[in-house]
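This report refers to the structure that appears directly beneath it.
Laboratory data are not the source of any read-out in this text; all were calculated from the coordinates shown. Predicted model only: the values in this text are computed from it and were never measured. Cβ: placed from backbone, ideal geometry, glycine included. Neighbour counts: every protein chain shown.
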Amino acid sequence: MKKTEIELFGLIGYPVKHSLSPAIHNSAFKKFNISGDYSLYEKKPEELESFFKGLDDSDIYGLNVTVPYKEKVLKFVELEKEDVYLKIIQSVNTIVRIDSKWLGFNTDIPGFEISLKENFNPANKKTAMIGAGGAARSVAYVLAKSGVQEICIFDIDKIRSKSIVSMVKELFPNMKISAVDSIEALNIKEKDLLVNATPVGLNKEDPCLVKKGMLHKDLFVYDLIYNPIETKLLFLAKEVGAQVSNGLGMLLYQGALSFVLFTGTDVAIKEIVDEMRIGLNEGIQKLCMKK
Ligand code: NDP
């Protein structure tokens, strides 16, 4: 039974304290005059089961899901028939209550795809990825479905990069994809696209995983990190004349697509993204003032 007039939404993960998702979603609720409130649900792994079991009796109507629960959430939700590939990708970042059922979606996938393709056409290109965690699974899926020529992945945990190879092979049996043992073995000099899907670069003192000499001017470098807006990797890439993108576009598109799923609004994605960008900038300013 509904307890309040306002429908609640939010982000579940652990940790989530510093997330800017409330800033972008609440800004959109306000701008488009939709009743809703977005907040953070930081839940420890041992709290997860009871949290999901209690959702039906709550005023929560939709959630984004982040690290480390994008895979675990699959057991609490249903998937639409056309989305069953998400079971293979093992990643759901949005869940929505529809007709008393909880349905799972992944908006990281179209979020990354739209953002990447704004500046780079991956078809027939040679690609390299660093990192094979949750976000990397969505990235690898987008690259494979976009018909890249090859994907080469490095992660310090080879079990994870091999798991992405198996996932892609299951969905795209003819895709040329390999897991390598070092950054050097990615052979970035021969690649057209490099994606950083590790958290390395989030902190000022983080090293740059790639040496400047490995980069080249015809490369496109996409770093999933959006705060800072220019990581050391992007700085070096620009220095050699490469094209670059940070993860802001992905963040905003996945957020806007989740917002549409949450609210059913017919406001154009572009308009939602523009508003969320304003909310994000305000959120970043607030964070800076707190520091
Ligand atoms: P995960 O922790 O799931 O995955 C990160 C992976 O990178 C892990 O397998 C990790 O291994 C590996 N890794 C860490 N350090 C290195 C290294 N030095 N060399 C190679 N591999 C390494 O994180 P996510 O996939 O969820 O997120 C990755 C990044 O993408 C984060 O910075 C996140 O903020 C960003 N992101 C951005 C989004 C956007 O909208 N722009 C959306 C989602 C994520 P290990 O665990 O062993 O350290």
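Pairs of C-alpha atoms in the chain farther apart than 24 Å represent 51 percent of all such pairs.
In terms of its Cα atoms, region 131-175 spans 26, 16, 15 Å along the principal axes, sorted from long to short. Classify region 44-129 from the C-alpha gyration tensor, please: rounded if a/c falls under 1.5, else prolate or oblate depending on whether a/b exceeds b/c. Prolate. Between residue 98 and residue 183, the modelled labels are 4.2 nm apart [label points 7 Å from Cα along Cα→Cβ]. Pull out a ≥ b ≥ c, the square roots of the eigenvalues of the alpha-carbon gyration tensor of region 214-255, then state rounded if a/c is under 1.5, prolate if not and a/b is larger than b/c, and oblate in the remaining case. Prolate is the answer for region 214-255, as a/c is 1.5 or above and a/b outweighs b/c.
Using θ = phi - 60° in the Karplus curve 6.51 cos²θ - 1.76 cosθ + 1.60, the 3J(HN,Hα) couplings for region 226-231 round to 10, 9, x, 6, 10, 7 Hz; x is entered for Gly and Pro. Amide H contacts under 5 Å for residue 180: 153, 154, 155, restricted to partners 5 or more places along the chain or on a different chain, H placed in the peptide plane at 1.01 Å from N.
Which angle between 0 and 90 degrees, to the nearest 10, do you get for helix 134-145 versus the longest principal axis of the chain when only C-alpha atoms count? For helix 134-145, the angle is close to 70 degrees.
Amide H contacts under 5 Å for residue 39: 9, 10, 11, restricted to partners 5 or more places along the chain or on a different chain, H placed in the peptide plane at 1.01 Å from N.
Each residue in 141, 85 was given a count of other beta-carbon atoms within 10 angstrom of its own, and listing them fewest first yields 85, 141. In the structure shown, the pairs 117/169; 81/145; 169/212; 17/70; 30/101 are assessed against 20 Å; a Cα-Cα span above that value is assigned to 117/169; 169/212; 30/101. Among 223, 56, 83, the ranking by other beta carbons within 10 Å of each residue's beta carbon, starting with the fewest, stands as 56, 83, 223.
Shape class of region 103-170 from the Cα gyration tensor (axes a ≥ b ≥ c, square roots of the eigenvalues): oblate, since a/c reaches 1.5 or more and a/b does not exceed b/c. Between the alpha-carbon centres of region 212-274 and region 8-36 there is a gap of 19 Å.
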